[in-house]
Amino acid sequence: MALVNAAVVVLDCAEPEKLAVFYRELLDGQDGEASANLVEIRTPGGFRIAFRRDVNATPPSWPRPENSLQAHLDFLVEDLDEAELRVVGLGGRPIETKDATGPYEERGYADPAGHSFTLRLVPPTAPKQG
């Protein structure tokens with residue numbers, strides 16, 4: 001029997017209800033567990049993310065060098081431009097607009113509460129030839 005049945009990523013924020021709306025719309029999620037201080041959503045693929053009320057929460061300052069990045073989320077997408085339009089339309093903002101180095105094309109953003117996340121392009125896979 002597994003010791004851990006599921007994992008939930010939890011982000012602290014001042015207004016969990018509002019932040020849950022942003023991620024529920026971005027991820028096409030559904031409402032999950034909720035209490036006075038915690039709101040959870042679940043995605044069709046089984047990912048669970050929750051937002052915990054912390055009235056003293058301050059947005060992370062990443063990518064400024066004086067504070068290190070503690071954690072961020074990566075979301076895999078098939079169309080970066082379409083995903084960016086959705087993020088911005090929901091209240092997110094770009095924070096890393098320069099070309100990323102490495103094998104993947106990606107762009108950095110902050111959610112309405114200032115948590116950073118990355119949209120990373122999933123390269124199309126072509127069928128093997130021959």
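Please treat every number below as a calculation from the coordinates, not as lab data. In this text, all values refer to a predicted model and were calculated from it rather than measured experimentally. Counting neighbours? That spans all protein chains shown, and the Cβs are built from the backbone with ideal geometry, glycine included.
Taking 22 Å as R0, compute the FRET efficiency from the Cβ-Cβ separation of Leu80 and Val9 and round it to 0.05. Taking R0 as 22 Å, the efficiency between Leu80 and Val9 is 0.50. Scoring 11-18, 71-78 by mean Cβ neighbours within 10 Å over their residues and listing the highest first yields 11-18, 71-78. On the basis of the beta-carbon distance and an R0 of 25 Å, Glu17 and Val122 show a calculated FRET efficiency of 0.25.
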